[in-house]
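Asker: Can you read through this structure? Questions will come right after.
The values are calculated or read from the model by the stated rules, or taken from the named source; none is laboratory data. This one's a predicted model, so the numbers in the text were calculated from it and none came from an experiment. So basically every Cβ, Gly included, is an ideal-geometry build from the backbone, and we count neighbours across all protein chains shown. Side chains are part of the model used for accessible areas, which takes the heavy atoms of the whole protein and leaves out ligands, DNA and RNA. Shrake-Rupley method; radii C 1.70, N 1.55, O 1.52, S 1.80 Å.
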Amino acid sequence: MALLTPEDLAEINRQLEKSDETVQRATGLDIKGVCKALYGTEAGSEKVGIVPITAGNGIIGSFSESLLAIVRYFGLDGFITKKPDVSGYYEAVTSGADIVLMADDHTYLAHNLKNRKIANNQPCTGIVYAEIASRSLLAGNKDVLVIGLGKVGFPGAEHLVKKGFSVYGYDVDNDLLKRAVSELNVTPLDLETEAKTETSKKFSMIFEATPCPDTIPEFVLEKDCLVSTPGIPCGLSEDLKIKYGAEVVMEPLGIGTLSMLYSIL
Ligand code: NAI
Ligand code: 2YC
Ligand code: MG
């Protein structure tokens with residue numbers, strides 16, 4: 001599992017503001033609006049308890065503090081428990097948390113103690129970033145390119161197929177690509193071989209969910225395209241972003257977290 005670093009989370013409020021502006025400009029909705037459109041819910045006065053977890057690689061500096069900043073940025077009430085782990089969970093519940101947020105190295109969850117609903121960060125992140133990609137105001141068709149069909153990318157691709165988009169997919173792992181073709185009827189687009197053909201297909205909407213840089217090659221880019229990518233680091237180079245006037249939505253934790261929260265309200 002690719003773990004966040006304190007550097008990824010630096011200036012989280014600024015990152016949230018910037019990505020909110022980009023989402024608004026590219027789709028006509030802000031991040032809350034996209035989540036409301038996705039789940040039909042909106043946040044009220046829910047109290048969010050954030051529990052630091054010491055398991056595995058342990059506490060990531062500023063992870064809990066970033067979650068508190070994210071919860072507050074989106075207008076919710078939140079607190080970080082003084083204790084971690086089981087003691088922290090007990091503290092969260094007895095302090096009146098409606099929703100608990102906590103993460104070990106493999107699972108980041110949101111659990112609504114009132115209605116028992118529970119959310120996992122990976123599918124929730126894939127769905128919200130795929131939704132953002134699909135809402136480009138400038139797209140002239142319903143073609144979306146998905147690069148990375150793993151724990152985040154596959155649920156995002158599935159969401160786009162269900163919404164009736166024409167989904168093209170690529171993953172370096174051929175088994176995962178085959179699975180997306182057989183289970184989702186995704187059109188495979190082998191970016192390795194495509195590079196050699198002049199008439200490759202270009203996209204206005206791209207959803208990338210890989211842990212690698214430069215995964216989005218120039219020949220798939222339409223001018224003014226929208227690249228929606230939770231993948232860290234960014235899959236689109238700065239040069240190509242400027243050359244094609246691309247809008248890039250990329251944020252390390254907050255957009256995925258709001259998707260989790262709205263999915264359990
Ligand atoms: P994963 O390992 O399940 O999936 C990543 C997929 O990318 C794999 O199937 C891999 O074969 C594929 N891949 C790697 N290099 C590639 C390339 N050059 N071209 C095409 N495909 C390639 O990882 P997961 O959990 O889906 O996470 C993906 C990324 O999203 C990671 O960087 C993770 O840190 C990040 N992430 C970001 C979040 C956010 O809120 N911004 C939340 C959760 C994850
Ligand atoms: O500080 C803590 O409580 C740590 N146990 C948190 C560990 C989070 C590990 N997970 C991740 O870094 C990734 C992120 C991309 C978002 C979801 N999982
Ligand atoms: Mg995010």
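Asker: Of (1) within 16 Å of ligand 3 (Cβ to nearest atom); (2) surrounded by fewer than 17 Cβ atoms within 10 Å (Cβ to Cβ); (3) in a strand (DSSP E or B), V227 satisfies all except one. Which?
Answerer: (2)
Asker: On to the next question. Between a residue in the stretch 163-187 that is assigned to a helix (DSSP H, G or I) and any residue that is more than 14 Å from ligand 1 (Cβ to nearest atom), which pairs come within a Cβ distance under 8 Å, given they are 6 or more apart or on different chains?
Answerer: V181/T187; L184/V161; L184/V167
Asker: Given the options T215, T193, T210, T229, name the one that is more than 18 Å from V167 (Cα to Cα) and of a type in the set (S, T, Y).
Answerer: Exactly one of T215, T193, T210, T229 is more than 18 Å from V167 (Cα to Cα) and of a type in the set (S, T, Y), namely T193.
Asker: So how many residues does the stretch 102-144 have that are in contact with a Gly (Cβ under 7 Å, 6 or more places away or on another chain) and within 16 Å of ligand 1 (Cβ to nearest atom)?
Answerer: Final tally of qualifying residues: 10.
Asker: Which residue out of I53, I60, I127 is β-branched (V, I, T), surrounded by 15 or more Cβ atoms within 10 Å (Cβ to Cβ) and away from ligand 3 (no atom under 16 Å from the Cβ)?
Answerer: I53
Asker: Next up: So which of T54, T27, T22, T5 is away from ligand 1 (no atom under 16 Å from the Cβ), among the β-branched types (V, I, T) and under 18 Å from the mean Cα position of the chain (by Cα)?
Answerer: It is T27.
Asker: Continuing with this model, one more query. Mind telling me which of the residues S87, S64, S134, S95 ends up being assigned by TED's automatic domain parsing to the domain that holds K202 and modelled with pLDDT of 95 or more?
Answerer: S134
Asker: Within the stretch 2-27, track down each residue that is in contact with a helix residue (DSSP H, G or I) (Cβ under 9 Å, 6 or more places away or on another chain) and either among the small types (G, A, S) or open to solvent by 90 Å² or more (accessible area, probe 1.4 Å) (or both).
Answerer: S19, A26
Asker: Among (1) at pLDDT 95 or above; (2) closer than 25 Å to K241 by Cβ; (3) within 16 Å of ligand 3 (Cβ to nearest atom), which single condition is G28 missing?
Answerer: (3)
Asker: Follow-up question, since we're still on this one. Could you grab me the full set of residues in the stretch 93-103 that are more than 16 Å from ligand 3 (Cβ to nearest atom) and either assigned to a strand (DSSP E or B) or in contact with a strand residue (DSSP E or B) (Cβ under 7 Å, 6 or more places away or on another chain) (or both)?
Answerer: At the first step, the residues of the stretch 93-103 found to be more than 16 Å from ligand 3 (Cβ to nearest atom) are 93-100, 102.
Result: S95, G96, A97, D98, I99, V100, M102.
Asker: Which ones in the stretch 28-60 are out of contact with any helix residue (DSSP H, G or I) (no Cβ under 7 Å at 6 or more places or on another chain), within 16 Å of ligand 2 (Cβ to nearest atom) and in contact (Cβ under 8 Å) with a residue 12 or more places away in the chain?
Answerer: The answer is A55, G56, N57, I59, I60.
Asker: Against the condition more than 16 Å from ligand 3 (Cβ to nearest atom) and of a type in the set (K, R), how does K163 come out, does it pass? Let's see the steps before the verdict.
Answerer: Details: more than 16 Å from ligand 3 (Cβ to nearest atom): yes; of a type in the set (K, R): yes.
Answer is yes for this residue.
Asker: Tell me yes or no: at least one residue of the stretch 104-121 is surrounded by 15 or more Cβ atoms within 10 Å (Cβ to Cβ) and in a helix (DSSP H, G or I).
Answerer: Checking the stretch 104-121: at least one residue is surrounded by 15 or more Cβ atoms within 10 Å (Cβ to Cβ) and in a helix (DSSP H, G or I).
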